[in-house]
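I have placed the structure first, in the form of structure tokens, so that the comments after it can refer back to it.
The values are calculated or read from the model by the stated rules, or taken from the named source; none is laboratory data. Nothing here was measured: the structure is a model prediction, and the numbers come from that model. When we count neighbours, we look across all protein chains shown, and the Cβ atoms used for this are built from the backbone with ideal geometry, even at glycine. Quick note on the areas: whole protein, heavy atoms, side chains included, nothing else; ligands and nucleic acids left out. Shrake-Rupley method; radii C 1.70, N 1.55, O 1.52, S 1.80 Å.
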Amino acid sequence: MRLSKSFGKTLREAPADAELASHKLLIRGNFVRPTGAGIYTFMPFGYRVIRKIWAILADEMDAIGGQEMWMPNLHPSALWEATGRWNTMDVLMKVKGGGSREYALSATHEEIVVDLALRETESYRDLPRMIYHISKKFRDEPRARGGLMRLREFIMKDAYTLDTSEEALDEYYPQMIQAYYNIFERCGTPALAINADVGAMGGKSSHEFVVPHDQGEDTFIACADCDYAANVEAAVFVREGDKPEKLDDLVKTATPNCKTIADVADFIGVPTSQTGKAVFYWWTAAGEQEDAGRFIFGLVRGDLEVNEVKLINALGGGTVRAATDEEIIAAGATPGYASPIGLTIADSLDAPGVYVIADTSLKAGGNFVVGANDEGYHFTGANYPRDFAVSQMADIAQADTGYKCAQCGGRIEARRAIEAGHCFKLGTRYSKATNATYLDKNGKPQFIYMGSYGIGIDRLMAIIVEKHHDDYGIIWPESVAPFQVHLMHIGKGSDVRKTADSLYDSLRKEGFEVLYDDREASPGVKFNDADLIGIPWRVTVGGRSLAQGGVEVKQRSEKERHLVPIEELAAFLRQS
RNA sequence: CGGGGCGUAGCUCAGUUUGGCAGAGCGCUCGGUUUGGGUCCGAGAGGUCGUCGGUUCAAAUCCGGCCGCCCCGACCA
């Protein structure tokens with residue numbers, strides 16, 4: 001590629017609204033151009049990187065028996081109605097065709113795969129299978145952000161497994177996990193597999209692949225002493241603290257102007273871990289209207305926080321929002337001074353009374369200070385279950401730095417990361433909805449077990465840049481670089497242009513991908529563009545180096561410059 | 001969806017407070033100059049000031065609606 005002929009130009013300045021390094025550098029380097037919020041055009045250089053990542057993904061998928069396909073992006077509404085997601089997936093984009101035809105734009109491809117599976121899979125002899133494709137996804141993200149990090153239209157590699165049973169799926173799953181490790185390793189962005197919440201995908205379990213990054217959107221928990229790692233929404237930890245040897249009496253105590261945990265702990269003179277924190281929600285079951293929901297009283301030890309995803313999972317799904325003061329009072333509790341003591345506790349989610357869901361931390365410790373449901377008063381010496389009952393005891397507290405690891409007893413810490421991939425064991429969530437079955441050895445129909453495994457390619461490209469850049473530009477890992485060699489001529493010397501032209505031809509004949517900066521520009525401009533674009537090898541033809549018998553070769557990632565005789569150049573590049 | 005900010009030349013932005021000729025740097029075109037780290041000099045091209053409406057003798061500037069974009073939060077495979 002001759003730079004003088006390339007479509008588009010590098011920019012000296014990035015758009016003012018770009019904040020992430022990847023966003024700025026990919027635009028400045030002419031890799032991408034914004035088309036709309038969360039919508040990007042890949043320019044020729046950017047598309048070359050996409051193809052490199054594509055090849056790595058296909059290679060790793062093929063290596064574990066994957067078969068590449070190409071599925072449509074326009075999905076008849078009936079397929080989404082069949083799985084029940086036409087109306088429940090709120091990021092689903094819909095388009096109307098002629099007449100009454102309606103389509104979903106491909107937000108994901110489970111619907112297509114399960115429909116294919118039920119048509120093509122007849123018996124156990126047709127299983128297992130692993131298929132994948134690389135194609136566009138469309139999601140009506142409420143907030144696109146961070147350049148290529150969160151898009152409304154993006155490119156995803158998604159693979160799907162079809163198995164006869166949960167055991168068969170379990171057996172194959174580690175191969176996929178390993179392939180994912182390989183992929184991220186090869187792209188220069190080693191990732192961590194962590195346990196994750198299954199979210200809207202449904203299914204049994206999932207692993208999220210994350211790349212640690214300070215500006216990441218994800219928080220995950222990792223143990224400093226062992227290999228435990230999990231998304232904060234799935235992370236378990238040990239509630240430290242012992243039952244007191246002697247339970248104090250329950251005493252009502254005046255605590256004027258103590259509406260926060262910190263205030264009341266300070267006023268009474270106990271640590272926050274010896275208090276109970278009440279948090280109120282309005283919960284709506286999945287598929288229900290909000291007015292069919294109910295009030296939920298969340299209770300955690302005062303030093304902890306409620307994690308809403310854990311709470312929702314403990315309630316069996318649905319959505320929650322913060323309860324209003326009116327709803328709290330209607331439930332019989334006093335905002336700021338609430339506790340289960342004195343309330344009628346519901347036995348189940350269908351029963352009357354107040355549904356109290358308490359974190360297991362209430363069993364670690366005792367003689368708690370809790371609200372008295374009376375403005376200005378708390379109880380001291382509150383102990384579970386002596387003084388109050390709860391509807392449900394569950395893990396609803398958020399893990400955080402310094403807590404005790406449930407696996408090894410060491411200390412865990414919270415870190416930020418970017419989600420780069422996700423593996424789901426879907427089980428029969430989709431095959432049951434569509435009656436996708438196969439005949440087993442006994443001739444009996446059984447549901448197909450599915451798994452789905454995604455990697456966002458444009459996001460991965462952005463992550464690579466986040467991990468591989470300096471103040472001057474991108475430093476592409478060889479495996480995904482748009483070109484291997486950035487050739488340029490500088491200065492006026494008589495043979496300079498001729499030598500560079502012939503090197504451009506000979507290097508390409510040797511099989512190198514070469515970007516040739518053949519512009520008549522000043523050296524500074526050319527060097528700066530080379531640093532910005534970030535191709536691994538820079539070959540400079542100039543009067544100075546020619547006089548010394550060669551050309552200057554420099555790696556983008558290194559400082560040293562090498563003088564290499566022209567006839568040895570290809571060999572030098574190849575062996576380094 | 002809540003909070004905040006922005007929209008003026010291809011890009012970065014000034015001009016809006018206090019209404020009165022449409023501006024700068026970079027980029028682009030032409031001529032010259034320079035040639036190992038974003039050279040220098042000169043001459044040009046380029047904008048219905050996001051959009052629709054209102055106020056006014058007069059609107060980039062004041063008022064209102066709409067659209068678009070960014071950031072924080074909620075949400076999120």
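Of the beta bridges in the range A:190-321, as assigned by DSSP with both residues counted there, near 95 percent are antiparallel. Note on A:Gln548/A:Glu68: beta-carbon distance plugged into 1/(1 + (r/R0)^6) with R0 of 60 Å gives a FRET efficiency of 0.75.
The charge dipole of the range A:251-394, taken about its Cα centre with unit charges on the Cβ atoms of Lys, Arg (+1), Asp and Glu (-1) only, comes to about 480 debye. Surface calculation, 1.4 Å probe, protein heavy atoms: A:Val539 sits at approximately 0 Å² accessible. Exposure check, 1.4 Å probe, all protein chains in place: A:His23 carries approximately 20 Å² of accessible surface. If the chain linking A:Asp227 and A:Thr41 were pulled fully straight, counting 0.36 nm for each residue of separation and taking away their Cα-Cα distance, it would gain 63.0 nm. The listed residues A:Thr164, A:Thr189, A:Thr401, once ranked by accessible area (1.4 Å probe) with the largest placed first, stand as A:Thr401, A:Thr164, A:Thr189. Model label points for A:Ser522 and A:Arg497, set 7 angstrom from Cα along the Cα-to-Cβ axis, are 2.0 nm apart.
Taking A:Cys408, A:Cys258 and ordering them by how much accessible surface each has at a 1.4 Å probe, largest first, produces A:Cys408, A:Cys258. For the range A:1-95, the set of trypsin sites (Lys or Arg not before Pro) satisfying both a DSSP loop assignment and a count of at most 14 other C-beta atoms within 10 Å is given as A:Lys9, A:Arg12.
Using a 1.4 angstrom probe on heavy atoms only, work out the carbon and sulfur share of the accessible area of chain A in %. Solvent-exposed carbon and sulfur of chain A make up 49 percent of the total. Taking all protein chains into account, the per residue accessible area for the range A:245-346 stands at 49 Å² (1.4 Å probe). The heavy atoms of A:Asp214 present about 140 square angstrom of accessible area, all protein chains included, probe 1.4 Å. Which of rounded, prolate or oblate describes the range A:345-493 when judged by the alpha-carbon gyration tensor and an a/c cut-off of 1.5? The shape class here is oblate. Per residue, how much accessible surface does the range A:477-576 expose to a 1.4 Å probe? Answer in Å², no decimals. Roughly 48 Å² per residue, with all protein chains present. Looking at the range A:75-206, the accessible area is 44 square angstrom per residue; that uses a 1.4 Å probe and ignores ligands, DNA and RNA.
Across chain A, the relative contact order, built from alpha-carbon pairs under 8 Å that are at least six residues apart, equals 17 percent. A DSSP coil position with no more than 12 other Cβ atoms inside 10 Å describes the following trypsin sites (Lys or Arg not before Pro) in the range A:420-510: A:Lys441, A:Lys492.
Taking Cα centre as origin and charging only the Cβ of basic (Lys, Arg, +1) and acidic (Asp, Glu, -1) residues, the dipole magnitude of chain A rounds to 2100 debye.
Prolate is the label for chain A. Its Cα gyration tensor axes, ordered a ≥ b ≥ c, give a/c of at least 1.5 and a/b above b/c. Note on A:Lys277: lysines with a C-alpha under 27 Å away, same-chain residues under 8 apart excluded, are A:Lys243, A:Lys246, A:Lys252, A:Lys259, A:Lys310, A:Lys363, A:Lys404. Spacing of the modelled spin labels on A:Asp90 and A:Asp59, each 7 Å from Cα toward Cβ, amounts to 4.2 nm. Of A:Thr540, A:Tyr438, A:Pro44, which is farthest on the positive side of the dipole of chain A, counting Cα position, with +1 on Lys and Arg Cβ, -1 on Asp and Glu Cβ, and the Cα centre as origin? Among A:Thr540, A:Tyr438, A:Pro44, the one farthest towards the positive end of the dipole of chain A is A:Thr540.
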